[in-house]
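Data block below; observations after.
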Amino acid sequence: NAEYGEPFGDEMQVGRLVALVCCAWVTGAAVSESSGGPLPAAFSPDTAVAPLRHPDPDPGSPSWPNQLAVAIPFHISQFHTKLASAMARWSRPEFAPCSGGASALEGRATLVFLYTGDPDKDQVGPNQSLRSGLAQLWNQLGEKVTQCFGGGMHILELSLDSAHDRYSDAPCVFFNGMLERVREQGVYDHVYQMETDVLPVKPNWLDAVLHETVFNQDCERYWQRGSMAHCQVHQGRLAERYDVHINGNSIWCLRDPKLWEFLDRVQAFYPPGDHSGVAGCGTAKWAEVGVDHAMYRFRRDPANFEYLRTIIHLFTYTQTMLNKCEDAYTVAGIKADHPRTFLVHSKAPYLSLIHI
């Protein structure tokens, strides 16, 4: 594991903590489940494609083909402002998702977009539907990039009730829906939530994420593997509040039903309130809105100590992804200070004129 990150460790190994990724507010009309399947390297909206399938060997074998969904949640307003430019970056050799060689991990990833509107009716240009726009972005990546995603590209639709179409609710509804919809597909062992302001700083970043899933198909090593805030501590008074929570933009293992038992416990522990109309969406304390905050504070509450002892090892940190909050950064600076980091989350590229 030396090439891609630290060895697996539990949540208390504070010296290894590195990143936080903030939730995106995703809004849109309530819709039904998605139609459509994986997109091949060359795709048109009218292409008929077969459902994704993969071999089914012994899941205990090292040759078990991990299937990873790289899940990108977005709102239609982010299509041109964030999504298009972020994906175009992947076509540059210095930020390519995979090596394109005979990697043992190649072909085990699928690009999954999660959207709360209607991709066939919503427009991203004159006479161009969102579905067509996504297909265009996919085709523009080129074969060297699309071949990294052996499962092609999917669009999954989520429902968002108008009552929860607000900042304090929508990210939590969306996150819970993302986990469930990806799990429903029945072919993914893991999902990596990658928001539109997560950008690669090195090539082979998809290989690095896939590497994190090796030998974890049964979720024995972790349920969540991600990072804490690695930015100035004044934002959210991180040090004062001892906030080392792992943000939801993590790698999640989907094969253990006990993960959903944990999520149910968190929702029961933190019911809806003035802070959010969604159970498990924060703690009602300052700077603690979001499912990731609720999960972390649930684990730290003395009332849950006995249960905590059975699950604490399933929440781990990695340097593969790094959160800079809203801090500016440079690729050279990240490489120098964080040589094991492949992906950086920061709002800075979209809040200023800096060029990354």
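Tyr307 fulfils the conditions (1) under 29 Å from His211 (Cβ atoms); (2) touching a residue at least 12 places away in the same chain (Cβ under 8 Å) except for a single criterion, (1).
Selection of segment 240-270 for residues being open to solvent by less than 70 Å² (accessible area, probe 1.4 Å) and in a loop (DSSP other than H, G, I, E, B) yields Arg241, Asp243, Val244, His245, Ile246, Asn247, Gly248, Asn249, Ser250, Leu254, Asp256, Tyr270. Report yes if Asn249 is under 21 Å from Tyr222 (Cα atoms) and in contact with a strand residue (DSSP E or B) (Cβ under 7 Å, 6 or more places away or on another chain), otherwise no. Here the answer is yes, as Asn249 does meet what is asked. Within segment 68-83, does at least one residue satisfy the condition of being over 19 Å from Leu134 (Cα atoms) and either surrounded by 10 or more Cβ atoms within 10 Å (Cβ to Cβ) or modelled with pLDDT of 95 or more (or both)? Yes, that holds for at least one residue. Scanning segment 208-223 for residues that are open to solvent by 10 Å² or more (accessible area, probe 1.4 Å) and not hydrophobic (A, V, I, L, M, F, W, C) turns up His211, Gln217, Asp218, Glu220, Arg221. May I ask you to list the residues in segment 132-164 that are part of a loop (DSSP other than H, G, I, E, B) and either in contact with a Phe, Trp or Tyr (Cβ under 9 Å, 6 or more places away or on another chain) or modelled with pLDDT of 90 or more (or both)? Listed by number, the residues that qualify are Gly142, Gln147, Cys148, Phe149, Gly150, Gly151, Gly152, Leu158, Leu160. The set of residues in segment 167-186 being assigned to a loop (DSSP other than H, G, I, E, B), open to solvent by 10 Å² or more (accessible area, probe 1.4 Å) and in contact with a Gly (Cβ under 9 Å, 6 or more places away or on another chain) consists of Ser168 alone. The set of residues from segment 175-209 being within 30 Å of Tyr329 (Cα to Cα) and more than 13 Å from the chain's Cα centre (by Cα) comprises Pro200, Val201, Lys202, Pro203, Asn204, Trp205, Asp207, Ala208. The single condition from (1) over 22 Å from Leu199 (Cβ atoms); (2) within 20 Å of the chain's Cα centre (by Cα) that Asn127 fails is (2). Pairs meeting the criteria (first residue in segment 265-279 and under 13 Å from Asn304 (Cα atoms), second residue at pLDDT 85 or above and in a loop (DSSP other than H, G, I, E, B), beta carbons under 6 Å, at least 6 apart or on different chains) are Tyr270/Thr283.
Would you confirm, using the coordinates I've provided, whether Thr213 is among the polar types (S, T, N, Q), in a loop (DSSP other than H, G, I, E, B) and in contact (Cβ under 8 Å) with a residue 60 or more places away in the chain? Yes; evaluated as a whole, the condition is true for this residue.
The values are calculated or read from the model by the stated rules, or taken from the named source; none is laboratory data. Because the structure is predicted, anything quoted here is derived from the model rather than measured. Backbone-built Cβ (ideal geometry, glycine too); neighbour counts: all protein chains shown. SASA here: full protein model, heavy atoms, side chains in, ligands and nucleic acids out. Shrake-Rupley method; radii C 1.70, N 1.55, O 1.52, S 1.80 Å.
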